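Below: one structure, written as C-alpha cells.
Readers should treat all values here as calculations from the given coordinates under stated rules, not as data from a laboratory. Just so it is clear, the structure is predicted and the values come from calculations on it, not from any experiment. So basically every Cβ, Gly included, is an ideal-geometry build from the backbone, and we count neighbours across all protein chains shown.
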Amino acid sequence: MAQAASKTYEICVSGPGHNYCEQCDQLFCDGCKISHLRTKMTKNHTFLSGPNINPEVKLYCKEHDENFIYYCMECGTLVCKICAIKNHKRHDLSEIKESLEGINAEVKTEIETKIGKLQSKVAEVDQRTHTYQTDAKQVIQAIREEGRQLKEMIDKKVEGLIETIKEKDAKNAQTLQYIGNELKTALNKAKEQQKLYQDTQGIKDTTKLLQKLKQIKSQIDQIEEIQVPIMPSVKYAKQNVAESEIEKLFGELTFGETVKREENPKPQKNVFIIDTKRSCFIVFISTFNSYVN
C-alpha cells in the first residue's frame, strides 16, 4: 500500500514539523530532529528540510501496513519488520540499501556481458558470411575457367554447376541473414534494458529502484543468447583428365550446411544425397534441417 508522510507533526507540539526523516517516513520539529540524531539506533538517519517538503511515495507492506525495511535473500522479496518475524524468521535478511548495491552491480555486469557477447557474435556472423560468399564467388570463377577451356563441349555442364552453387548460396545466405537478424534483435533488446537501467540511476527511492532493477534483470535473463551456427562452406576440387573423360574434369562440389549450435546438441546422422541423373556426383552433407527447409 503506497502512502506519503503526513505534514502534521505528531510527536510533540513544540514546533512545526518541517524536517522529514527518510528512514522513518515522519516529520520532526528542529528539537526532535536533534534528539533523533543523537539516539544510537537512528543517528545515521537522513533528513530533508524545507517548508515545501514533498516526500516521495513509499511502498508499504499490504498485509501489515508497515514500511519495507529488509530484503529476503531466500525468497527474493521485500519484507517489513512484522513479516521478518512471522514469515522469514530464519531466512537470510539484509537491509534494502545493502541488497540494492549488490543487485545494481549484478544487473550492470549482466547487461554489459550480454551486449558484449551478442556484439561479438553479430560481428562473427557478418565476417564469416563475407568469407563464405567470397569462397562461393571463387568457386564460380574456377568453374568458369574450366568451362572456358572446354568451350562449347562443356558449356551446358558449366552453367548447370553454377546454377547449383547459386541456388545453394541463395538459400544459405537467407539462413545466415535470419540468424544475423535474430542476434541483432536480441542485441537491441539488451540495449533497451541498458537504457532502462541508465534511467533508474536517477531514482532516489531505494525500494522502487530495487524493484525496477529486479524487473530489468528478469528481462535480461529472458533474452535468448543465440549460438553462432556452424557456417556453411563450399569447395571445388579441380581434376585434370583427358578430353575423352570429360566427366572426370569436374570435381566434387560439396556444401557444408548452416548448423545451429545448441546448448545440449543431440547427435544426428549425416544425410547424403547423390544425384545420379547428372554428369557429376554432388554430395550434400547436412545435420541441420530447420533453417533450410
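Given a Förster radius of 45 Å and the C-beta distance between LYS204 and GLN119 as r, what FRET efficiency does 1/(1 + (r/R0)^6) yield to the nearest 0.05?
For LYS204 and GLN119, the calculated efficiency is 0.90.
Which far-off residues, 5 or more places away or on another chain, put their amide H under 5 Å from the one on GLY251, with H placed in the peptide plane?
Under 5 Å from the amide H of GLY251 lie the amide H atoms of GLN239, each far enough along the sequence or on another chain.
In nm, to one decimal, how far is the GLU74 label point from the ILE230 one, both placed 7 Å along Cα→Cβ?
4.7 nm
What are the residues whose amide H is under 5 Å from the amide H of GLN23, where those residues sit 5 or more places off or on another chain and H is modelled from the backbone?
Amide H to amide H, under 5 Å and 5 or more residues apart or across chains, GLN23 pairs with THR46.
What list of ³J(HN,Hα) values in whole Hz, one per residue of segment 164-176 in order, does the Karplus curve 6.51 cos²θ - 1.76 cosθ + 1.60 (θ = phi - 60°) give from phi, with Gly and Pro shown as x?
4, 5, 4, 5, 5, 4, 5, 5, 5, 4, 5, 5, 5
For the cross-link pairs LYS81/LYS204; LYS114/LYS214; LYS171/LYS260, which exceed 18 Å when the distance is taken from alpha carbon to alpha carbon?
LYS81/LYS204
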